[in-house]
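Below is one structure, written out as structure tokens, with a few remarks after it.
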Ligand SMILES: [Fe+2]
């Protein structure tokens with residue numbers, strides 16, 4: 001009762017604080033925190049969805065544990081029944097309570113300690129116990145929306161800048177059929193490359209079903225609606241302005257919360273895993289802090305008598321299904337370094353210039369998946385955000401500069417207006433997207449340039465109530481037929497509206513009329 005009272009007091013304190021933006025979470029929302037419970041209450045009170053829905057806070061508090069991040073190289077553990085984890089051994093002759101043990105490897109056994117990701121699972125029945133997998137027909141509601149019999153051939157690599165209007169909800173389908181492959185590069189069979197999906201589901205997955213991708217890790221960025229995810233490791237509730245990562249192979253079930261449709265973005269990583277970026281001279285804290293990552297606590301279902309579950313597997317871009325006579329969600333205890341996790345983007349600590357110019361956008365990297373074959377400091381995928389932040393630079397063009405990049409940049413918008421692009425119809429809108437591929441020039445549109453190059457420059461806050469993000473990759477991205485045509489969301493006039501109207505401001509100074517180099521036609 002004491003805990004509940006403190007919880008209510010924390011919410012009241014928060015509501016009385018007029019300085020705090022309660023519509024959207026910002027780093028300001030986690031001030032004046034005394035305890036974990038207070039923090040959770042403020043977090044809940046600030047959440048745009050939580051404010052209007054009757055979510056049980058106690059359920060939320062119990063459902064996660066603060067794990068730091070596996071960059072800390074420490075193994076974590078969780079037991080749904082005390083004593084489910086064996087003491088001082090991973091594979092005793094008999095596991096506690098008659099459980100089976102099973103090892104889940106996210107890296108090769110022999111990966112260096114700094115990269116090694118493995119977990120030990122103690123479960124009622126091993127995951128190996130199931131009937132044969134069969135391909136799911138493309139016509140089935142449970143197939144993938146964009147199956148890929150020949151993976152690379154589904155991608156159209158084009159140099160044009162691309163922007164998409166907001167993607168539609170599909171209220172009829174569940175998680176599995178809602179995955180629209182939009183863009184990507186590489187090949188999951190070679191464990192090389194990435195894929196980008198848009199998801200839009202209006203139904204929960206059938207009750208006794210589970211899904212996993214053998215192709216890669218899913219980084220899920222909700223834009224609308226709450227994902228109520230039950231994983232083998234426990235439950236994770238993921239809301240807009242939060243992200244979660246479900247590593248390769250982990251089984252999970254996605255349900256809607258309060259029957260609200262869901263929509264968002266996914267980056268699938270075929271190679272490696274996400275890490276926190278190095279901080280260099282920034283020091284030991286900043287950007288995404290390790291302590292703010294959260295993982296589920298062990299939570300199991302006892303269902304193995306006279307029952308049938310369907311397990312869906314995404315394998316080389318195609319969907320398979322198998323029946324099994326027990327639930328896949330039967331892990332009573334687990335420990336290790338390979339597990340799903342979530343992160344609240346409102347806790348990101350942005351760092352920027354306090355004098356002139358602004359750093360490269362890599363300064364806003366939340367998570368990074370390095371690609372050593374492409375060179376030091378190069379990522380097959382960076383997850384970067386553009387959170388609310390203060391700009392104070394003097395004599396500086398404050399929006400992003402014009403540039404061409406060997407990296408490809410896919411952007412999405414969770415909510416609000418992105419400061420470098422026009423908003424509203426025909427602009428860069430929440431649930432829309434843009435792709436600036438390898439060496440495709442881009443930057444602020446004409447209106448943004450004209451304004452930003454002439455405006456006064458007092459300290460100002462940008463991105464208030466907004467959260468844009470970028471999937472940046474060293475690979476050249478191709479777009480699927482769904483992305484280019486079927487979705488009918490491509491803004492054909494993107495360049496015509498953004499950059500072709502740019503005016504010439506160049507004036508040759510009088511004394512340079514006879515310039516040695518530089519002709520005028
Ligand atoms: Fe860019």
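Can you work out which of the residues in segment 487-501 that are closer than 13 Å to residue 422 by Cβ and part of a loop (DSSP other than H, G, I, E, B) is nearest to the ligand (Cβ to nearest atom)?
Selected residue: 499.
Residue pairs, Cβ under 6 Å, 6 or more apart or interchain, first in segment 384-410 and farther than 24 Å from residue 499 by Cβ and in contact (Cβ under 8 Å) with a residue 40 or more places away in the chain, second more than 16 Å from the ligand (Cβ to nearest atom) and part of a strand (DSSP E or B). List them.
Within 6 Å, the pairs are 385/366; 390/461.
Just one of the numbered conditions (1) modelled with pLDDT under 95; (2) more than 15 Å from the ligand (Cβ to nearest atom); (3) within 26 Å of residue 504 (Cβ to Cβ) is not true of residue 456; which one?
Every listed condition holds for residue 456 apart from (1).
Please go through segment 78-104 and give me each residue that is surrounded by 15 or more Cβ atoms within 10 Å (Cβ to Cβ) and within 30 Å of residue 371 (Cα to Cα), ordered by number. Lay out the reasoning, then the answer.
We begin by selecting, within segment 78-104, every residue surrounded by 15 or more Cβ atoms within 10 Å (Cβ to Cβ); these are 78-80, 84-86, 95-96, 99-102, 104.
Correct list: 102, 104.
Pairs needed: first member in segment 422-448, assigned by the TED database to the domain that holds residue 166; second member anywhere, away from the ligand (no atom under 13 Å from the Cβ) and part of a loop (DSSP other than H, G, I, E, B); C-beta distance under 9 Å; at least 6 residues apart or different chains.
Once the first residue is assigned by the TED database to the domain that holds residue 166 and sits in segment 422-448, no partner that is away from the ligand (no atom under 13 Å from the Cβ) and part of a loop (DSSP other than H, G, I, E, B) comes close enough.
Anything in segment 283-306 that is more than 30 Å from residue 363 (Cβ to Cβ) and surrounded by 12 or more Cβ atoms within 10 Å (Cβ to Cβ)? List them, or say none. Please lay out each step first, then the result.
Our first condition is that a residue be more than 30 Å from residue 363 (Cβ to Cβ); within segment 283-306, this holds for 296-306.
Those that are more than 30 Å from residue 363 (Cβ to Cβ) and surrounded by 12 or more Cβ atoms within 10 Å (Cβ to Cβ): 296, 297, 298, 299, 300, 301, 303, 304.
Residue check, residue 426 against (1) touching a helix residue (DSSP H, G or I) at 6+ places or on another chain (Cβ under 8 Å); (2) buried (at least 17 other Cβ atoms within 10 Å of the Cβ), all met but one. Which one?
Condition not satisfied by residue 426: (2).
Can you spot a residue in segment 386-394 that is at pLDDT 90 or above and within 17 Å of residue 474 (Cα to Cα)?
For segment 386-394, residues at pLDDT 90 or above and within 17 Å of residue 474 (Cα to Cα): absent.
For segment 187-196, which positions are crowded, with 23+ Cβ neighbours inside 10 Å and over 16 Å from the mean Cα position of the chain (by Cα)? Talk me through it step by step, then tell me what you get.
Kept after step one, since they are crowded, with 23+ Cβ neighbours inside 10 Å, are these residues of segment 187-196: 188, 193-196.
Answer for segment 187-196, where residues must be crowded, with 23+ Cβ neighbours inside 10 Å and over 16 Å from the mean Cα position of the chain (by Cα): 188, 193.
Being closer than 25 Å to residue 402 by Cα and either buried (at least 20 other Cβ atoms within 10 Å of the Cβ) or out of contact with any strand residue (DSSP E or B) (no Cβ under 9 Å at 6 or more places or on another chain) (or both) is the requirement here; does residue 375 meet it? Outline the logic, then answer.
Working: closer than 25 Å to residue 402 by Cα: yes; either buried (at least 20 other Cβ atoms within 10 Å of the Cβ) or out of contact with any strand residue (DSSP E or B) (no Cβ under 9 Å at 6 or more places or on another chain) (or both): yes.
Yes: the conditions hold for residue 375.
Return the total of residues in segment 398-453 being out of contact with any strand residue (DSSP E or B) (no Cβ under 8 Å at 6 or more places or on another chain) and more than 15 Å from the ligand (Cβ to nearest atom).
13
What number of residues in segment 255-270 are more than 13 Å from the chain's Cα centre (by Cα) and either closer than 18 Å to residue 410 by Cα or surrounded by 24 or more Cβ atoms within 10 Å (Cβ to Cβ) (or both)? Walk me through how you get there before you give the answer.
Taking segment 255-270 and keeping what is more than 13 Å from the chain's Cα centre (by Cα), we get 255-262, 270.
Now drop any that are not either closer than 18 Å to residue 410 by Cα or surrounded by 24 or more Cβ atoms within 10 Å (Cβ to Cβ) (or both), which leaves 262, 270.
Adding up the residues that qualify gives 2.
When you scan segment 429-440, do you find a residue that is surrounded by fewer than 17 Cβ atoms within 10 Å (Cβ to Cβ) and either touching a helix residue (DSSP H, G or I) at 6+ places or on another chain (Cβ under 7 Å) or at pLDDT below 95 (or both), even just one? Let's see the steps before the verdict.
Of all residues in segment 429-440, those surrounded by fewer than 17 Cβ atoms within 10 Å (Cβ to Cβ) come to 439.
From the residues that got through so far, the ones that are either touching a helix residue (DSSP H, G or I) at 6+ places or on another chain (Cβ under 7 Å) or at pLDDT below 95 (or both) too are none.
For segment 429-440, residues surrounded by fewer than 17 Cβ atoms within 10 Å (Cβ to Cβ) and either touching a helix residue (DSSP H, G or I) at 6+ places or on another chain (Cβ under 7 Å) or at pLDDT below 95 (or both): absent.
Just to be sure I understand, how many residues within segment 73-106 are at positive phi, without any contact (Cβ under 8 Å) to a residue 24 or more places away in the chain and part of a loop (DSSP other than H, G, I, E, B)? If you could, list the steps in order and put the result at the bottom.
At the first step, the residues of segment 73-106 found to be at positive phi are 73, 83, 88, 97-98.
With without any contact (Cβ under 8 Å) to a residue 24 or more places away in the chain added as a condition, the list becomes 83, 88, 98.
If we keep only those that are part of a loop (DSSP other than H, G, I, E, B) as well, we get 83, 88.
The total comes to 2.
Considering only segment 115-208, give the strands (runs of 3 or more DSSP E) lying wholly within it that have at least 3 residues that are over 30 Å from residue 305 (Cα atoms). Talk me through it step by step, then tell me what you get.
On the way: elements: 118-123, 162-164, 179-187, 192-201.
Strands (runs of 3 or more DSSP E) meeting the threshold: 162-164, 179-187, 192-201.
Can you tell me which residue in segment 470-486 is surrounded by the fewest Cβ atoms within 10 Å (Cβ to Cβ), limited to those that are within 16 Å of the ligand (Cβ to nearest atom) and farther than 21 Å from residue 428 by Cβ? Even if it seems obvious, please write down each step before you answer.
So the first thing to find is which residues in segment 470-486 are within 16 Å of the ligand (Cβ to nearest atom), and the list is 470-477.
Filter again for farther than 21 Å from residue 428 by Cβ, leaving 474-476.
Details: 474: 21, 475: 21, 476: 15.
If we take residues in segment 470-486 being within 16 Å of the ligand (Cβ to nearest atom) and farther than 21 Å from residue 428 by Cβ, then 476 is surrounded by the fewest Cβ atoms within 10 Å (Cβ to Cβ).
Specify which of the listed residues (330, 306, 292) is assigned by the TED database to the domain that holds residue 241 and closer than 17 Å to residue 79 by Cβ. Talk me through it step by step, then tell me what you get.
Numbers: 306 fails: closer than 17 Å to residue 79 by Cβ; 292 fails: closer than 17 Å to residue 79 by Cβ.
Result: 330 is the single residue among 330, 306, 292 that is assigned by the TED database to the domain that holds residue 241 and closer than 17 Å to residue 79 by Cβ.
The values are calculated or read from the model by the stated rules, or taken from the named source; none is laboratory data. No experiment lies behind these values; they were computed from the predicted model shown. With ideal geometry, Cβ positions are generated from the backbone for all residues, glycine too; neighbour counts draw on all protein chains shown.
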